[in-house]
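Since every read-out is calculated from the coordinates, none of them should be taken as a lab result. All values derive from a computational prediction rather than experimental measurement. Cβ atoms come from the backbone with ideal geometry, glycine included; neighbour counts cover every protein chain shown.
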Amino acid sequence: MTATRLKSLCLLPLLLAMTAVGIGAEDAETGLPVLESGAAAVDLGTRRLTVRYAVTVAGTLVEVRPLIDVLGGTVEVGPLGESHELTLNDRTFAFGPGSDALTSGQEITDLSQAAIATGDGATLVPLDLLDYVWGHNLGYEFTWNSAARMLLVRHQPERELALQFNLVHVQGVTTTVFQFSTRPRYRIRHFGRSVVIDLIGDRLVGDTTRSAPADDLVRGIDLTPSGIRMRLAPGVVAEEYILESPFRLVFDIFRGDDRGTATAATQIPARRRDRSPGIRTIVLDPGH
């Protein structure tokens, strides 16, 4: 038996498994070779389900639709299956096959690899997408057991976080920085003249009575164990972004026009700080 014939026989079971779940030996969108694929169990503690999975050189991907059904959220898929908009609470996340980015509002997060589309319309996503969507927002933890071909999903216990914050006003822009002892699980809500950071499965400890310095744009910062509320002056716009190492939530606060957008005098994309390679922020200029 020739070496070529022997190699083909060794690869046959793997190719059959890939065909069974509609995944080619090489993903057409990314060019990453699919090393393994098939059906995997998802252990949620109180129940189990089965999803499809694939393994590439960049890591593991799992079928996302069954997880949305059990973890929460709604998804709208574009007519060609290329765009997915996942809404969880009041946040919307955009992703799709062939893209290694997860977008939410102005924040773009680089993923470990692109999502993969199967031949029958299902979408497999990398595990870090699950972390960013359900881990950071609902407190879930995802662990892949390669030997058992199983995804373990657990809700993390409540954590206690220390907080430091600073407020600086320069050239008509107030920048507020919230630095946590550990990356929090949170959501941000804008309503009226307030910006609220809700902690999910976490709580603030330490002195929550500290008041913010006097500022024309930020009327006050209220700290409670469950989150943070910034009270803004009328006609003010707040843009948030993330800095890493250590994790910080940063808000640039400035006066807007009647439509709630930045005025020409306060457009500040050139002032953006260095960010981690995993997260970027887009600033849209409404005048162009």
Practice problem: Work out from phi, with θ = phi - 60° and the Karplus expression 6.51 cos²θ - 1.76 cosθ + 1.60, the ³J(HN,Hα) of each residue of segment 162-178, listed in order in whole Hz, and give x for Gly and Pro. | Solution: 8, 9, 10, 9, 9, 9, 10, 10, 9, 6, x, 10, 9, 10, 10, 10, 10
Practice problem: Would you mind estimating how fast segment 30-183 diffuses translationally, via Stokes-Einstein at 25 °C and 0.890 mPa s with the Kirkwood radius over Cα pairs, in µm²/s? | Solution: 144 µm²/s
Quiz prompt | 5 angstrom amide H check on residue 185, placed H, neighbours 5+ away | solution = 200
Exercise. Please grab the % of Cα pairs in segment 50-95 that end up more than 16 Å from each other.
Key: 50 percent
Quiz item: Taking a ≥ b ≥ c as the square roots of the eigenvalues of the Cα gyration tensor of segment 98-142, is the shape rounded (a/c under 1.5), prolate (a/b larger than b/c) or oblate?
Solution: oblate
Practice problem: Take the Cα coordinates of segment 139-226, assign each an equal point scatterer, and use the Debye formula without solvent to give log10 I(q)/I(0) at q = 0.20, 0.21, 0.26 Å⁻¹. | Solution: -1.02, -1.09, -1.38
Quiz item: Starting at 0 and stepping by 5 Å, how many percent of the alpha carbon pairs of segment 99-192 end up in each bin?
Solution: 3, 9, 13, 17, 19, 15, 9, 6, 4, 2, 1, 0
Quiz item: Roughly how big is segment 133-219's charge dipole about its Cα centre, with Cβ charges of +1 (Lys, Arg) and -1 (Asp, Glu), in debye to the nearest 20?
Solution: 280 debye
